[in-house]
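Encoded as structure tokens, the structure appears first; notes follow it.
Every read-out reported here was derived from the displayed coordinates using simple, explicitly stated rules and does not represent laboratory data. Model, not experiment: these values are computed from the prediction. All Cβ positions, glycine included, derive from the backbone under ideal geometry; neighbour counts span all protein chains shown.
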Amino acid sequence: MKHYFTKYYKYATPEVNKRCSLLCVLIKRMIVGAGVGYKKYLRLRGVGYKFELKNTILTAKVGYTHLVEKRLPYDFYIKFSRKARVIRLRNKSLTKITSFIAHLRHQRQPDIYKGKGIRYKRDPIRRKPGKRKTRSASKKRRKFLKKRVIRHRRSNSFGRKLRRRKRKKIKIEKNRKLQLFLNK
């Protein structure tokens, strides 16, 4: 807003500035929508999940006993991927697209543990680990690892002894060669 009305900006109250900046953002969105338009993607993840379009009704098979149906507004353009797992929606209004997609996503939000559900295309995947092992199992695991470490240490010390012996042999051989050379 500051850039458009530099004279009057400093005299306006903060409330007026907020409303004017909101108007500017909405006008910019309308200009972009009229010129280029907006597109958003939705992605399905799960066995047997897919989108279908019959006339103006978008149906989604998302693991329920029934189909999730949503009427597509008349000014939307839709395009499916080859396996009908990703859809691209185009429209002039960004708010219409986001509200429509949010409503569809709300029907089957991504599962935290398996990751199945309806998600945005570049939505970060938030997943939790499953159940942890019981305490007794982890105790056994620790004992097993401890034994492995001890065995490993033994083999290491044995390896060190071998290396020392080799070094001694090499030193002795060098000394013999030196003595032979000096004696000549």
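At-a-glance table
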| item | result |
| --- | --- |
| Scan of region 72-93 for residues that are exposed (fewer than 13 other Cβ atoms within 10 Å of the Cβ) and more than 29 Å from Val25 (Cα to Cα), ordered by number | Arg82, Lys83 |
| Top-ranked residue of region 31-71 - restricted to ones that are in a loop (DSSP other than H, G, I, E, B) and small (Gly, Ala, Ser), ranked as surrounded by the most Cβ atoms within 10 Å (Cβ to Cβ) | Gly46 |
| Residue within region 112-122 that is in contact with a Pro (Cβ under 7 Å, 6 or more places away or on another chain), surrounded by 14 or more Cβ atoms within 10 Å (Cβ to Cβ) and of a type in the set (Gly, Ala, Ser) present | yes |
| Number of positions in region 78-117 that are of a type in the set (D, E, K, R) and in a loop (DSSP other than H, G, I, E, B) | 8 |
| Enumeration of residues in region 48-78 that are hydroxyl-bearing (Ser, Thr, Tyr) and under 12 Å from Arg108 (Cβ atoms) | Tyr49, Tyr64 |
